[in-house]
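The values are calculated or read from the model by the stated rules, or taken from the named source; none is laboratory data. Bear in mind that the values here come from a model prediction, so they are computed numbers and not experimental data. Heads up, the Cβs are rebuilt from the backbone with ideal geometry, glycines too, and the neighbour counts pull from every protein chain shown. Accessible surface is based on the protein model in full, side chains and every heavy atom, while ligands, DNA and RNA are left aside. Shrake-Rupley method; radii C 1.70, N 1.55, O 1.52, S 1.80 Å.
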Amino acid sequence: MAAVTPDLFRNLGSLGPYRLVMARFSTTTVNDADTYASGLKAVFAYWAQQKDNPTTQASAGVAIAVSGATFTFYPGEEGAEVDLFILTGS
């Protein structure tokens, strides 16, 4: 488990009172149980997209758990490139 920092953090726009942001992990890839402390105050929804080509169908995708503003990654295989999308009120 390690703390990871995104290579890119971008505001994608507003959805009513919410803001959609993206954190891209490309050169800094994610491994099982890596964490990202986003610093966002009000996380309402989140999802991720694995960007690289998995070696098998069984290793496709990434699961994420959140506690407060800290996201924990559980990719199907180590060294995954991931885009994390977060819907926030802050």
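Scanning the stretch 36-48 for residues that are surrounded by 13 or more Cβ atoms within 10 Å (Cβ to Cβ) and closer than 12 Å to Leu84 by Cα turns up Tyr36, Ser38, Tyr46, Ala48.
Report, by residue number, each residue of the stretch 57-90 that is assigned to a strand (DSSP E or B) and closer than 20 Å to Tyr18 by Cα. Passing the criteria: Val66, Ser67, Thr70, Phe71, Asp83, Leu84, Phe85, Ile86, Leu87, Thr88. Only residues that are in a strand (DSSP E or B), within 19 Å of Glu77 (Cβ to Cβ) and open to solvent by less than 50 Å² (accessible area, probe 1.4 Å) were counted in the stretch 3-31, giving 5. Per the listing Gly61, Gly68, Gly39, Gly79, the residue uniquely under 12 Å from the mean Cα position of the chain (by Cα) and not aromatic (Phe, Trp, Tyr) is Gly61. Take the stretch 37-60 and flag every residue that is among the β-branched types (Val, Ile, Thr) and either closer than 13 Å to Phe25 by Cα or modelled with pLDDT of 85 or more (or both). Val43 - this is the single residue of the stretch 37-60 that is among the β-branched types (Val, Ile, Thr) and either closer than 13 Å to Phe25 by Cα or modelled with pLDDT of 85 or more (or both). Going through (1) closer than 21 Å to Met1 by Cβ; (2) surrounded by 15 or more Cβ atoms within 10 Å (Cβ to Cβ) one by one, Gly68 falls short only on (2). On the given criteria, is Thr55 over 10 Å from the mean Cα position of the chain (by Cα), among the β-branched types (Val, Ile, Thr) and exposed (fewer than 14 other Cβ atoms within 10 Å of the Cβ)? In short, yes.
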